[in-house]
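What follows draws every value from the coordinates through simple rules; no lab data is involved. For clarity, every value in this text was computed on a predicted model and none was experimentally measured. Here Cβ is always computed from backbone atoms with ideal geometry, including for glycine, and neighbour counts include all displayed protein chains.
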Amino acid sequence: LHTEFGISYFLARLTNPSKALELILTSEFVDAREAERLGLVNKVVSPERVESEAMELATKIARGPWFAIRLIKKDVYEGVRADLKMILEREALGQAICLRTEDAKEGHKSVDREKRAPV
């Protein structure tokens, strides 16, 4: 059988082409710890901790500056296809835009001047 669902595309980018070929051509089983080591999953947790760990991560991200998060996500996903020069330009533009937001003002005020967590 041939690969499907974009596995050759995604696996080569998540690991590297030679590791992707090894995994695909040998059909080796990858357990949870190996998947984590290879970068195929972010974190391995027990089944009973999945929901609490996911909520903890989601809450942590949700507390961040939403506008900057939106731009960063876009840059990371586009970075897979772009060259370094393009990404550096996008990051510089993103910094210039984000520095003008209320989130940035609150971040600087809270951390630099008031020594507290941003709201």
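Calculated mean residue ellipticity at 222 nm for the chain: -18500 deg cm²/dmol, from DSSP H runs with n ≥ 4 weighted as -39500 (n - 2.57), summed, divided by the residue count and rounded to 500.
Rg and Dmax of region 1-61, based on Cα coordinates, read 14.2, 42 Å. Annotation note: trypsin sites (Lys or Arg not before Pro) in region 1-102 located in DSSP loop regions with a Cβ neighbour count of at most 15 within 10 Å are Lys43, Arg63, Arg81, Arg100. Restriction of the GluC sites (Glu not before Pro) in region 1-93 to DSSP coil positions whose beta-carbon has at most 14 other beta-carbons within 10 angstrom yields Glu4, Glu28. Cα extents for the chain along the principal axes, largest to smallest and rounded to whole angstrom: 59, 42, 20. In the chain, the longest principal axis of the Cα atoms and the axis of helix 17-26 are about 40 degrees apart. Counting only alpha carbon atoms, the long axis of helix 66-79 and the longest principal axis of the chain meet at about 30°.
Measuring r between the beta carbons of Arg100 and Val41 and using R0 = 35 Å, the FRET efficiency lands at 0.45.
Compute the longest continuous run of the chain that contains no exposed chymotrypsin sites (Phe, Trp or Tyr not before Pro); treat a site as exposed when its DSSP state is not H, G, I, E or B and it has at most 11 other Cβ atoms within 10 Å. Result for the longest clean stretch: 30-119. Is the shape of region 64-114 best called rounded, prolate or oblate, per the rule: a/c under 1.5 gives rounded, else a/b larger than b/c gives prolate, else oblate, with a ≥ b ≥ c the square roots of the Cα gyration tensor eigenvalues? Prolate.
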